[in-house]
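Enquirer: The structure is given below, and queries will be raised subsequently.
The values are calculated or read from the model by the stated rules, or taken from the named source; none is laboratory data. Quick caveat: nothing in here was measured; it's all calculated off a predicted structure. FYI the Cβ positions are ideal-geometry reconstructions off the backbone, even for glycines, and counts take in every protein chain you see. Just so you know, the surface numbers come from the protein's heavy atoms only, side chains and all, with ligands and any DNA or RNA stripped out. Shrake-Rupley method; radii C 1.70, N 1.55, O 1.52, S 1.80 Å.
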Amino acid sequence: CFFFSLLALNIGIIMTYLITSLGFDIIGASSSPQLLFSLKSGFSIAIGAFVAGAGLANLPYNIEIIGKVKPLKDFFATIFYVSLGLGIGINFSKSVILPVIILTLFVVLIKPFVIMLICSIFGYAKKPSFQTAISLTQVSEFSLIIVAQGILFGQINNNILLIAIALSIITISSTSYLSKYDDLIYNKFFRRIAFFDKLSPAKNLEYIPEKVKIDVIVIGYNRIGYSEVNKLK
């Protein structure tokens, strides 16, 4: 993981060295000093770590790796959220408060509607569509990494960072309670969202094409189920 992080950080320097010293000028960068300068910055260590994690996830012993790194994951997650809290100032100006309110309403109200619409079109009934939409009424913490990169390169101002942090904290916190009481909320609104069932062609839990013949259904696709499916194939 550390190797991939350092590689992402220094990939620009490595590419510049290969182009200028060894003659591997594949993209014609040697004739453009500005392009060489832009290559030197490379990527962030977060991008490298993300690529390393994606690579480890595809190994056959990924479950063991997850078990080993769980204490570290919890520790760094704590540091991550503490840093979010430290990034929020007490004195919010109107230029920050108004966008936060508008974007929060958009994420909490409009985004679930769009997700329910997509799930219904793909054949989900209104209740699983509603539960899926409720569980996704937040912005991703990965968006904060993208915003931080914008700050680092001077492409956005500090107000955008404050908006992103506030939006993340508000929506992530609200999603926890919405997910906890999703049945109660559904019981109050299920008549008002009945039209989503009309959009669902299958009215099942999930969309299964009618022409596909199913020979075997595996319940429990864990390590044992995985090996059984491979044998069946």
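Enquirer: Taking a probe of 1.4 Å, how large is the accessible area per residue of the stretch 101-233, in Å²?
Expert: 70 Å²
Enquirer: Just add up the charged neighbours of ARG223: K/R +1, D/E -1, any other residue whose Cβ is under 15 Å from the Cβ of ARG223.
Expert: Spelling it out: positives minus negatives among the neighbours equals -1.
Enquirer: Under a Cβ-Cβ cut-off of 15 Å, what is the net charge of the residues other than GLU64 that fall near it, where Lys and Arg count +1 and Asp and Glu count -1?
Expert: +4
Enquirer: Could I ask something else about it? With the Cα gyration tensor of the stretch 42-122 giving a ≥ b ≥ c as the square roots of its eigenvalues, does the rule (a/c under 1.5 for rounded; else a/b larger than b/c for prolate; else oblate) give rounded, prolate or oblate?
Expert: oblate
Enquirer: Give the calculated FRET efficiency between PHE80 and ILE101 to the nearest 0.05, with a Förster radius of 25 Å applied to their Cβ-Cβ distance.
Expert: Computed FRET efficiency for PHE80 and ILE101: 0.50.
Enquirer: I'd like to compare 170-182, 62-74: which one has the highest average count of other Cβ atoms within 10 Å, and what's the full order after that?
Expert: Peptide ranking by packing, descending: 170-182, 62-74.
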